[in-house]
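Asker: Structure in structure tokens, see below.
The values are calculated or read from the model by the stated rules, or taken from the named source; none is laboratory data. Quick caveat: nothing in here was measured; it's all calculated off a predicted structure. Cβ placement follows ideal geometry from the backbone for every residue including glycine, while neighbour counts extend to all protein chains displayed. The area values use the complete protein model at the heavy-atom level, side chains included, leaving out ligands, DNA and RNA. Shrake-Rupley method; radii C 1.70, N 1.55, O 1.52, S 1.80 Å.
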Amino acid sequence: MAEQAESVRVNFSDGTSMEVPKGTAVAEALAQWKRTKNTWVAARLNGKLLDLRAPIEEGGALEPLAPESPEGLEILRHSTSHIMAQAVQELFPGTKIAIGPAIENGFYYDFDPPQSFSPEDLEKIEAKMAEIIVAALPFERREMPREQAIELFRQRGETYKVELLEELTEPTVSVYRQGTFVDLCRGPHIPDTGCVKAYKLLSLAGAYWRGDERNPMLQRIYGTVFPDAKGLKKYLDFLAEAQRRDHRRLGRELDLFSFSDEVGAGMVIYHPKGALLRHILETFEKKEHLRRGYQIVMGPTLLKTDLWKRSGHFDNYRENMYFTEIEGQSYGIKPMNCLSHMLIYKSKVRSYRDLPIRYFELGTVHRHEKSGVLHGLLRVRQFTQDDAHILCTPEQLHAEIQGIVDFVIEVMGLFGFSYEMEISTRPQKSIGTDEDWERATTALMAALEDKGIPYQICEGEGAFYGPKIDVKLRDALERKWQCATIQCDFTLPERFDLTYVGPDGQRHRPVMLHRVILGAMERFLGVLIEHYAGAFPTWLAPVQAVIVTVTDKQLPFARAVYEQMKAAGVRVDLDERSEKLSFKIREAQMQKIPYMLVIGDSEVEAQAVRPRRRDGRQLEIMRPEAVIELLQKECLEGSGGRIGLGAV
Ligand SMILES: [Zn+2]
Ligand SMILES: [Zn+2]
């Protein structure tokens, strides 16, 4: 009895505090503090997350978690995965459960069902979840010895849970139960199933147990849940828009690129329009680099394995590389372009007067990505980087970094991306002197500060060989993508003994910067396709205009206009099919061609065309020369004056 009287003091965020008997439920203490109606999903006591049903065993700071808070949302999402799993097991007896975490924007659960799920099953599962939610079943936590939990899950036939439990070392584990469903889980969870208001199951996918393709293939169901219907609707609208813009779909519809099982996963096949698009981007890049004092270089794809050993790639990066043998000699396919660039640098004695040296290569590299992470153009095994290596004196470092930052800002502005910058500092395991790191990190920060660009510091996230700036761009849907990066490197100049002769006549070590602006061209193209929803600005569009006639009668004049425009460097098509005008226009719109040039009898008479934009807007009738002038103006405006008609 004496123990029951023991009380503890809990403090709340508003500065008030309260004595409660030890063992009081969290929810009860919170209810005494704030009597208003609430939707709290869990709480934090002295920084530790707790169920609202949990007893208070110690005094300290107590804070409720709303479903809108980051932790609250995660708890709501993870709890909904339990509800989905309950629905699945009730509908499909014999289904084994694997794992079901919360993820960004939702949750999933991996199942091993006796029979594969069909997309229609998702609706049934959703309906069953609604029943479970209406029943407001409590989430009950129980702690038990690990051995007992193994027995419990063995009896339930949950072999995956048994496997997980057998690998744990803790003597005690926690198990959560709601209704008929039992799961091994650390928690915390929402107090009862009734807390779930706005959810939706999204998709079905295959997933190997523990992500390993030697293991059985499980069925993963993705879903999402939000604190309210408004949040859910906003997210579903976003998903629909993302699907409309999906570069894999648009890549097919616009005939830009494809993948083939016969070729192999993660290898892009560019069709004429896709290759042309890339050619335009590459032309832009080459011009831009030459203008900024870069020299274009090219290195081989295969380099001797001994060289990869010397660079450290063999020791640190071998798993991601492909190797082959030629006449008994081992070669590695390059995953990066640095080595050739260094060999070019080393081909001569360099003086401080030669620096900075900026080598640029559209370098095609191969990296072994697991098949499970490959995703359209965004994650591939062969890709081309707009890669450059700058070798400079320590004194030049600041100006060089600033030059790259300017470059990034200008290019991102041109494509209409906003961006965020991050600086990653020295990790635990790293090489180079404190002084090197200090100087390089300061140079990176100063370059951004001088421009008034805010940045985030990612403490200890730098590469082992030096600090870096990462640029995350935001596309039209506010999604973040990693593209440009600027990395300082102290190791490679050391390992390859790169030097320059200083004003003192002595040999010094240059600093090396690795940098990309767009990053991998494949990935950037994928992002660009989604950003523009396939409707490329005139300077980038593989086909800028298509000539369509009302009837075949106007074809001779249409052909003359076609030749005239072609000669002026316009990327133009002529639709000679005997289809209805409306059909031809609709098709051109689907192909997202910027201009349709319509020719009927009156246009032939006036020796002119009637342009129509892909958004449906009609322009005044005009002579072909005027159209050429209009397109030229749009190309120059769009590319910042770099890529006019006929430039590619
Ligand atoms: Zn759980
Ligand atoms: Zn490099």
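Asker: Please name whichever of A130, I83, L30 sits farthest to the positive end of the charge dipole of region 30-142, dipole taken about the Cα centre and charges placed at Cβ: Lys and Arg +1, Asp and Glu -1.
Answerer: L30
Asker: Please work out how much accessible surface K334 shows to a 1.4 Å probe, ignoring ligands, DNA and RNA, in Å² rounded to 10.
Answerer: Result for K334: roughly 10 Å² accessible.
Asker: Hey, if we sort K451, K234 by accessible area with the 1.4 Å probe, largest down, what's the order?
Answerer: Solvent-accessible surface, decreasing: K234, K451.
Asker: Whole Å is fine, so just give me how far the alpha carbon centre of region 77-102 lies from that of region 152-176.
Answerer: First find each Cα centre; the distance between them is then 16 Å.
Asker: What angle, in degrees between 0 and 90 and rounded to the nearest 10, separates the Cα long axis of helix 70-91 from the longest principal axis of the Cα atoms of the chain?
Answerer: 80 degrees
Asker: Continuing with this model, one more query. Would you compute, from DSSP H runs of 4+ residues alone, the mean residue ellipticity of the chain at 222 nm, taking -39500 (n - 2.57) per run and dividing by the full residue count, rounded to the nearest 500?
Answerer: -11000 deg cm²/dmol
Asker: Scan around V173 for amide H atoms under 5 Å from its own, H built in the peptide plane at 1.01 Å from N, and keep only partners 5 or more places away or cross-chain.
Answerer: Close amide H contacts, sequence-distant or interchain: M144, R146.
Asker: Follow-up. Say the cut-off is 19 Å between C-alpha atoms; which of K37/K197; K48/K429; K429/K468; K197/K230 go over it?
Answerer: Where the Cα-Cα span goes over 19 Å, the pairs concerned are K48/K429.
Asker: Could you pull out every residue, at least 5 positions away or on a different chain, whose amide H is within less than 5 Å of the one on V598? Hs are placed 1.01 Å off N in the peptide plane, and Pro or chain starts have none.
Answerer: Residues meeting the criterion, in which the H sits 1.01 Å from N, are V548, R610, R612.
Asker: What list of ³J(HN,Hα) values in whole Hz, one per residue of region 117-123 in order, does the Karplus curve 6.51 cos²θ - 1.76 cosθ + 1.60 (θ = phi - 60°) give from phi, with Gly and Pro shown as x?
Answerer: Ordered by residue, 3J(HN,Hα) equals 6, 10, x, 5, 4, 4, 5 Hz.
Asker: Roughly to the nearest percent, how much of the accessible area of the chain is carbon and sulfur, given a 1.4 Å probe?
Answerer: For the chain, the apolar C and S fraction of the accessible surface comes to 51 percent.
Asker: How many angstrom separate the Cα center of region 309-372 from the Cα center of region 579-646?
Answerer: 46 Å
Asker: Relative to the longest principal axis of the C-alpha atoms of the chain, give the angle of the C-alpha long axis of helix 146-155, reported between 0 and 90° and rounded to the nearest 10°.
Answerer: For 146-155 against the chain, the angle is about 80 degrees.
Asker: Quick one: which residues, 5 or more positions from Y109 or on another chain, have an amide H under 5 Å from its amide H? H modelled 1.01 Å from N in the peptide plane, none for Pro or chain starts.
Answerer: Here the answer is I221, since their amide H atoms fall under 5 Å of that of Y109.
Asker: Take the residue pairs K161/K200; K584/K633; K273/K370; K553/K580; K566/K633 and return only those whose Cα atoms are more than 24 Å apart.
Answerer: Long pairs (Cα-Cα over 24 Å): K161/K200; K584/K633; K273/K370.
Asker: From the phi of every residue in region 556-571, what ³J(HN,Hα) in whole Hz does the Karplus formula 6.51 cos²θ - 1.76 cosθ + 1.60 yield, where θ is phi - 60° and glycine or proline is x?
Answerer: Residue by residue, region 556-571 yields x, 5, 4, 5, 5, 5, 4, 4, 5, 6, 4, 4, 7, x, 6, 7 Hz.
Asker: Still on this structure, please answer the following. Counting only heavy atoms of protein chains, what accessible area per residue, in Å², does the chain have with a probe of 1.4 Å?
Answerer: Using a 1.4 Å probe on heavy atoms only, each residue of the chain averages 47 Å².
Asker: Highest mean first, how do 145-157, 11-23 rank when packing is the count of other Cβ atoms within 10 Å averaged over residues?
Answerer: Descending mean neighbour count gives 145-157, 11-23.
Asker: Go through region 293-305 residue by residue and turn each phi into a ³J(HN,Hα) via Karplus (6.51, -1.76, 1.60, θ = phi - 60°); whole Hz please, and just put x for glycine and proline.
Answerer: x, 8, 10, 7, 10, 9, x, x, 7, 9, 10, 4, 4
Asker: Straight-line reach from K592: which aspartates and glutamates have Cα under 18 Å away, leaving out those fewer than 8 places along the same chain?
Answerer: K592 reaches E241, D246, E253, D255, E530, D573, D575, D615, E634.
Asker: At 4 °C and 1.567 mPa s, grab the translational diffusion coefficient of region 481-529 from Stokes-Einstein with a Kirkwood Rh over Cα pairs, rounded to a whole number in µm² per second.
Answerer: 98 µm²/s
Asker: Let me ask something additional. How big, in percent, is the set of alpha carbon pairs in the chain lying more than 51 Å apart?
Answerer: For the chain, the share of Cα pairs beyond 51 Å comes to 29 percent.
Asker: Taking K304 as the anchor, which lysines have their alpha carbon closer than 17 Å to its alpha carbon, excluding any fewer than eight residues away along the same chain?
Answerer: K334
Asker: Using a 1.4 angstrom probe on the protein heavy atoms only, line up F314, F284 by accessible area, largest first.
Answerer: F314, F284
Asker: Y235 accessible area, nearest 10 Å², 1.4 Å probe?
Answerer: Accessible surface of Y235 is approximately 40 Å².
Asker: Follow-up question, since we're still on this one. So for each of 186-194, 417-425 I average, over its residues, the number of other beta carbons within 10 Å; can you give me the resulting order with the highest mean first?
Answerer: Highest to lowest by the protection proxy: 186-194, 417-425.
Asker: Take S639, S118, S582 and sort them by solvent-accessible surface of the protein heavy atoms, 1.4 Å probe, largest at the top.
Answerer: S582, S118, S639
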